[in-house]
Every structure is written in C-alpha cells, then in structure tokens.
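This report refers to the structure that appears directly beneath it.
The values are calculated or read from the model by the stated rules, or taken from the named source; none is laboratory data. All values reported here derive from a predicted model rather than from experimental measurement. Cβ placement follows ideal geometry from the backbone for every residue including glycine, while neighbour counts extend to all protein chains displayed. Note: accessible area is taken over every heavy atom of the protein model, side chains too, but ligands, DNA and RNA are not part of it. Shrake-Rupley method; radii C 1.70, N 1.55, O 1.52, S 1.80 Å.
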Amino acid sequence: IILDLSRIQNLALRAVNDFLLFRDQCQEQNINFGLCSLRKSVQKLLDNLGHEVPLQVYPTPEAAMGVLNQDTQSS
C-alpha cells in the first residue's frame, strides 16, 4: 500500500499516529506500506517527531513501487 501525500499541505499529529498504527497492522499481515511525495511541511513534521521506527517515505510513487515490490518478491 502506497499513499501519495503530494496534495497534503499539513498533517495532524493524530494522522501520523494513525499511519504508524496502520503500518504496524500491515506488517502483521505481511503487507508493505509506505508514503510518497511528501511536501516539505509534512516531511519536516515526520522528521521532528523522531519515532524509533519511522514511516517509510519515498520521493515518488514509482520509487515506492520499486522498493516495495522488491521487498514482496524477496519474501
């Protein structure tokens, strides 16, 4: 699952926490999850939070697909 956040200018802390929870639920089901195309303000928020296990972020949907598909094939 790849979420393209290119149209999101601001992201609430609650949404980040929901993404982290969703990511963990995906991992339990062996589903790859990542975010892509973050605007600077959203990337800065994620960087400032400093989670122990940060969300996977990719520059473009294509980059995310390349990495996440590779992870799926190696599993």
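In this structure the chain gives 71 Å² per residue of accessible area when probed at 1.4 Å with all protein chains present. For region 1-74, the relative contact order comes to 39 percent (Cα pairs under 8 Å, sequence separation of at least 6).
Approximating the spin labels as points 7 Å out from Cα along Cα→Cβ, the Val53-to-Leu13 distance works out to 2.2 nm. As a fraction of the 1.4 Å probe accessible area of the chain, surface on carbon and sulfur atoms comes out at 50 percent. The 3J(HN,Hα) values that the Karplus relation (6.51, -1.76, 1.60; θ = phi - 60°) gives for region 20-32 are, in residue order, 5, 5, 4, 4, 5, 5, 4, 4, 4, 9, 6, 10, 6 Hz. Gly and Pro appear as x.
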